[in-house]
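Asks: My questions will all concern the structure given below.
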Amino acid sequence: MTRLGIVSDSHDRESWLACWLERCKREKYDAVFHLGDYHSDARWLERRLEMPVIAVAGNCDMFSQQPRMALWSCGRHRLLAVHGHLQDVKYGYDRLSYFAEEQGANIALFGHTHRPCVEMSGSVLLINPGALMDGCYAELVLDGDRAVPYLKSLRDGDA
């Protein structure tokens, strides 16, 4: 079983970053994904966590050398991580779903809209953790063929 922590759109909100850091340490995720906006926040986490941090650049990371997408495999699952602005996710998820399928991914992680969501689009499980700047994040548990996403909030008092 693999447990992943997923955030996006942290936008340099130090208090939520600090809460997320403590959550990651407590939950002992196998890896953490930062889906863009702000790349510097992902680097801050990377320096403080003893787990892999997979990060992609978002639309607010214009001058970042960080890649705009990442592919990550775990067992039978292939994850695509993007911010989502290049796939126009504010106007629907079809382009993202097609792009994920083209990359051979069965799960697409994205941000940009600041709205948490989990849904299937074609054969692709789409997960948007919402904006960390609003206290939102997601967990994904991969266990054999199963992929179980959870949308969560640091506001729930269990941070």
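The values are calculated or read from the model by the stated rules, or taken from the named source; none is laboratory data. Computed from a predicted model, the values in this text were never measured in an experiment. Here Cβ is always computed from backbone atoms with ideal geometry, including for glycine, and neighbour counts include all displayed protein chains.
Asks: Answer yes or no: is there a residue in segment 58-67 that is among the hydrophobic types (A, V, I, L, M, F, W, C) and modelled with pLDDT of 95 or more.
Replies: no
Asks: Could you figure out which of (1) within 16 Å of residue 125 (Cβ to Cβ); (2) within 16 Å of the chain's Cα centre (by Cα); (3) of a type in the set (S, T, N, Q) isn't true of residue 10?
Replies: (1)
Asks: Of the numbered conditions (1) in contact with a helix residue (DSSP H, G or I) (Cβ under 9 Å, 6 or more places away or on another chain); (2) modelled with pLDDT under 95, residue 126 satisfies every one except a single condition; which is it?
Replies: Failing condition for residue 126: (2).
Asks: Counting residues that are buried (at least 16 other Cβ atoms within 10 Å of the Cβ), among the charged types (D, E, K, R) and on the phi < 0 side of the Ramachandran plot, which strands (runs of 3 or more DSSP E) fully inside segment 14-92 reach at least 3?
Replies: none
Asks: Further, regarding this structure: Is there a residue being of a type in the set (Phe, Trp, Tyr) and free of Cβ contacts under 8 Å to residues at least 60 places away in the same chain anywhere in segment 102-116?
Replies: No, segment 102-116 contains no residue that is of a type in the set (Phe, Trp, Tyr) and free of Cβ contacts under 8 Å to residues at least 60 places away in the same chain.
Asks: Of the residues 147, 108, which is within 12 Å of the chain's Cα centre (by Cα), assigned to a strand (DSSP E or B) and either of a type outside the set (S, T, N, Q) or over 15 Å from residue 10 (Cβ atoms) (or both)?
Replies: That would be 108, the only listed residue that is within 12 Å of the chain's Cα centre (by Cα), assigned to a strand (DSSP E or B) and either of a type outside the set (S, T, N, Q) or over 15 Å from residue 10 (Cβ atoms) (or both).
Asks: Taking residue 52 and the conditions (1) at pLDDT 95 or above; (2) within 25 Å of residue 156 (Cβ to Cβ), which numbered condition does it fall short on, given that it satisfies the others?
Replies: For residue 52, the failing item is (2).
Asks: Something else about it: Search segment 125-159 for residues being aliphatic (A, V, I, L, M) and crowded, with 21+ Cβ neighbours inside 10 Å, and hand back the single one that is nearest to residue 16 (Cα to Cα).
Replies: 132
Asks: Would you say residue 12 is of a type outside the set (Phe, Trp, Tyr), modelled with pLDDT under 95 and farther than 12 Å from residue 83 by Cβ?
Replies: Answer is yes for this residue.
Asks: Among the residues of segment 74-99, write down those that are farther than 16 Å from residue 6 by Cβ and not charged (D, E, K, R).
Replies: The answer is 75, 85, 86, 87, 91, 92, 93, 97, 98, 99.
Asks: Are any residues in segment 115-124 among the polar types (S, T, N, Q) and either touching a strand residue (DSSP E or B) at 6+ places or on another chain (Cβ under 6 Å) or crowded, with 16+ Cβ neighbours inside 10 Å (or both), and if so, which ones?
Replies: 121
Asks: Here is a further query. Does residue 8 fit the bill of being buried (at least 19 other Cβ atoms within 10 Å of the Cβ), of a type in the set (Ser, Thr, Tyr), in contact with a strand residue (DSSP E or B) (Cβ under 9 Å, 6 or more places away or on another chain) and within 25 Å of residue 142 (Cβ to Cβ)?
Replies: yes
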